[in-house]
Amino acid sequence: MTLRTVLMAALIAASAVGAPMAASAATPPTVRSDAASDAANQAVVESLYRAFAAGDGATIGGLLATDLVWIEAESGPYADRNPYNGPAAVFEGIFGRVGAEFQGFAATPQTFLPSGDRVAVLGRYTGTNRATGEALDAQFVHVFTVTGGKITHFQQYTDTAQWVDVMTPD
């Protein structure tokens, strides 16, 4: 078993049950995967990040399933409305607020780890908070579930302490 397989199983298990990671002797769930579905699901997620970078709301909306469930990291500034149900809730509750509160905001993917219907993405958030003038440079892991070419679930993991610090006036 490769390190990638172990890490993906842990991320998938945690996001599937919505529980924090904990050490356990239990056998990790079996993840069914093949190269074709991995590549197709990764392509959907890559398209989402390209649309984010271009500010292309129509493409973003087209990649999100109508029954999307989006969960921001616990204790983060945008977790107050978790779970976000449907694209409209995500556009208004997350994208709208981030755009209003940050100058030059970007979510930059660095590594894609597809496995079956899940795609984990490692990357960084950057931007400057408009109210405080402080810069954000935080790691993230995003775990997407892709079904039928649409994103049906999103779970964010990030340095929420840094987000809160950057957004809180001194």
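The values are calculated or read from the model by the stated rules, or taken from the named source; none is laboratory data. This is a predicted model, so every value here is computed, not measured. Methodologically, a virtual Cβ is constructed for each residue, glycine included, from the backbone with ideal geometry; neighbour enumeration extends over all protein chains shown. Side chains included, ligands, DNA and RNA excluded: accessible areas come from the protein's heavy atoms. Shrake-Rupley method; radii C 1.70, N 1.55, O 1.52, S 1.80 Å.
Identify, please: which residue in the range 72-93 is aliphatic (A, V, I, L, M) and either out of contact with any Phe, Trp or Tyr (no Cβ under 8 Å at 6 or more places or on another chain) or in a loop (DSSP other than H, G, I, E, B) (or both) and is, among those, most open to solvent (accessible area, probe 1.4 Å)? Ranking the candidates gives Ala88 first. Which number in (1) surrounded by 15 or more Cβ atoms within 10 Å (Cβ to Cβ); (2) at positive phi marks the one condition that Trp163 misses? Result: Trp163 passes all but (2). Within the range 108-122, is even one residue exposed (fewer than 15 other Cβ atoms within 10 Å of the Cβ) and small (Gly, Ala, Ser)? There is no residue in the range 108-122 that is exposed (fewer than 15 other Cβ atoms within 10 Å of the Cβ) and small (Gly, Ala, Ser). Of the residues making up the range 92-101, not a single one is at positive phi and not acidic (Asp, Glu).
Got a sec? Which strands (runs of 3 or more DSSP E) wholly within the range 101-170 have at least 2 residues that are out of contact with any strand residue (DSSP E or B) (no Cβ under 6 Å at 6 or more places or on another chain) and farther than 22 Å from Pro83 by Cβ?
Working: elements: 102-115, 118-129, 135-147, 150-158.
Fully inside the range 101-170 and qualifying: 102-115.
In this structure, is Ala100 open to solvent by 60 Å² or more (accessible area, probe 1.4 Å), over 19 Å from Leu48 (Cα atoms), of a type in the set (A, V, I, L, M, F, W, C) and without any contact (Cβ under 8 Å) to a residue 40 or more places away in the chain?
Details: open to solvent by 60 Å² or more (accessible area, probe 1.4 Å): yes; over 19 Å from Leu48 (Cα atoms): yes; of a type in the set (A, V, I, L, M, F, W, C): yes; without any contact (Cβ under 8 Å) to a residue 40 or more places away in the chain: yes.
When the stated conditions are applied, Ala100 passes them.
Name the one entry in Val69, Val44 that is open to solvent by 30 Å² or more (accessible area, probe 1.4 Å), among the hydrophobic types (A, V, I, L, M, F, W, C), at negative phi and at pLDDT 95 or above.
Working: Val44 fails: open to solvent by 30 Å² or more (accessible area, probe 1.4 Å).
Only one candidate qualifies: Val69.
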